[in-house]
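Step one of this worksheet: look at the structure below.
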Amino acid sequence: MIRVIDLYKNFAGHQVLKGVNLDIETGKITTIIGGSGSGKTVLLKHLNALLLPDRGSVLVDGKDITKLGESALNDMRQKFGVLFQGAALLDSMTIFDNVAFPLREKTTLGEGEIRQRVEERLAQVGLSGMGYKYPAEVSGGMKKRAGLARALVIEPQIILFDEPTTGLDPLLGKSIHDLIRKMHATFGFTGVVVSHDIPAVFRISDRVAMLANGVIAEVGPTEQFVASANPMVRQFLQGDAEGPLAVL
Amino acid sequence: MLFIVRQIGAVTTAHLFGMGRGFLFLLSAFAWVFRPPAKLRLIVKHIKEIGVDSLSVVVLSGAFTGMVLGLQGYYSLRKFNAESWLGSAVALALLRELGPVLSAFMVTGRTGSAMAAELGTMRVTEQIDALYSMAINPVKYLVSPRIIAGLIAMPLLTSIFNVVGIYGAFLIGVELLGVSSGSYFAGMEGSVVFQDVYSGLLKSVSFGLIITWVCCYKGFNAPPMATGVSQATTESVVLSFVLILVWDYFLTSIML
């Protein structure tokens, strides 16, 4: 269980988060939606302390990760996998080495076992035989798959997905969503997805939260969220220019 | 008036904070060197990048610097009938000053800029965040090995620059302009002492530190925007050049 309590974050005078409260249930996929620049990625980066708040707490399994020392934070981070918006694969390594990287750096596994695990993960994300290529040599969709394989390789309890379908065509986007659902069924991780791929992202979401004006405006199970009468949710889902949400 | 004073204060404070962050970055990089596991494979890889990849440009610039010194030295010394001191003048100029400084400039342009651009790209494309998220400290993984590699590779490159430069001047002075080969090397032997060699090498070690520190710091902290990488690269090269010259003055004044 991840619990976000009264989270505030300010960047150069711009208050992005203004007291966010959110519970993320274990074993479920929670999607955070919101307008561009609403602070979704900022909130996501607080969940594994890539950013630290000005005020507030993030509890992971009851521990406030904003107050952990370096060693304890590193232990905590090993519970997380992250799929970054651009996949963030290390340019200087092949896809195979990228996926093997966390195992080589953070475990004492032998090279034979690492090879077996990496090939298994690459096969699960549909990249069998592509491990020898460098990130610059593959498409955006393949990079996302490789990023997902890297996030999955240490079998984390929690995976954070930052805009997993941004920059992909609808077919590739659907294939990434299907892959996330399939991997979730296989590994049973807790997923947090930040996306504005609406309504496609609802297919993979157990719960949806909407971030607006620096706070969580609405949160609930997907069906309940979609049927919400909250004017901000209605405006966002219907894409109306008129309403309580300011459109810049 | 108050506005101007406030602006000057703000700029000064910002620069002081920036310098403080830079020094903390360097201290952190050194602290990570001594924390296991050692990254020997990465250090060797970066020695190759800094040393081997800069070798051609260092050899080329060393050769032409020596040749120019041979020409200029010959025409200056001939006015005093002192052509036989050419070897001595060239060796002292190269070993004490030109070798360390010019090879440092070459390495900054060839490898330092690439270092800043690579780390800047990693910052902008969230690869550094990815390392943090995998519980891998990016300073230990990306910065410390480069700094150690710079400390090792820079004096080696400077030594090569010096040797090539001395032979470049030999080619012009002895083979082309007719200075006696014996007097060229005898003058050198008679006037160059061990302090001239090690003071130059000591300079080159400190320049290796300056280049890797500045370029890694600027790249690592590149602003996360489209122009961030180019800005970091330009700043790293300019700041490295300036710091090399300023530090060279202080070291020279101490070691003379």
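The values are calculated or read from the model by the stated rules, or taken from the named source; none is laboratory data. Keep in mind that this is a model prediction, so the values were computed, not measured. Cβ coordinates were reconstructed from backbone atoms using ideal geometry, including for glycine residues, and neighbour counts include every protein chain displayed.
Quick look at the values:
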quantity: Single match in A:176, A:198 (criterion: surrounded by 20 or more Cβ atoms within 10 Å (Cβ to Cβ) and among the hydrophobic types (A, V, I, L, M, F, W, C)); calculated: A:176
quantity: Single residue of A:62, A:35 found to be under 26 Å from residue A:165 (Cβ atoms) and more than 14 Å from the chain's Cα centre (by Cα); calculated: A:35
quantity: So residue B:54, is it modelled with pLDDT of 90 or more and crowded, with 19+ Cβ neighbours inside 10 Å; calculated: yes
quantity: Residue that is surrounded by the most Cβ atoms within 10 Å (Cβ to Cβ) [pool: residues in the stretch A:59-78 that are among the acidic types (Asp, Glu) and within 14 Å of chain B (Cβ to nearest Cβ)]; calculated: A:75
quantity: 1 or more residues touching a residue at least 12 places away in the same chain (Cβ under 8 Å) and basic (Lys, Arg): qualifying strands (runs of 3 or more DSSP E) within the stretch A:158-245; calculated: A:207-212
quantity: Matching option when the condition is within 14 Å of chain A (Cβ to nearest Cβ) and in a helix (DSSP H, G or I), among B:153, B:130, B:91; calculated: B:130
quantity: Conditions (1) surrounded by fewer than 19 Cβ atoms within 10 Å (Cβ to Cβ); (2) in contact with a helix residue (DSSP H, G or I) (Cβ under 7 Å, 6 or more places away or on another chain); number of the one not met by residue B:81; calculated: (2)
quantity: Condition check for residue A:21: in contact (Cβ under 8 Å) with a residue 40 or more places away in the chain, surrounded by 23 or more Cβ atoms within 10 Å (Cβ to Cβ) and either within 14 Å of chain B (Cβ to nearest Cβ) or under 27 Å from residue A:75 (Cβ atoms) (or both); calculated: no
quantity: Positions within the stretch A:11-24 being out of contact with any strand residue (DSSP E or B) (no Cβ under 7 Å at 6 or more places or on another chain) and either under 18 Å from residue A:202 (Cα atoms) or outside any loop (DSSP other than H, G, I, E, B) (or both), in sequence order; calculated: A:11, A:14, A:15
quantity: Sole exception among (1) more than 14 Å from chain B (Cβ to nearest Cβ); (2) farther than 27 Å from residue A:203 by Cβ for residue A:27, by number; calculated: (2)
quantity: Residue B:38 vs. criteria surrounded by 12 or more Cβ atoms within 10 Å (Cβ to Cβ) and part of a loop (DSSP other than H, G, I, E, B); calculated: yes
quantity: Single condition residue B:178 does not satisfy, out of (1) in a helix (DSSP H, G or I); (2) modelled with pLDDT under 95; calculated: (1)
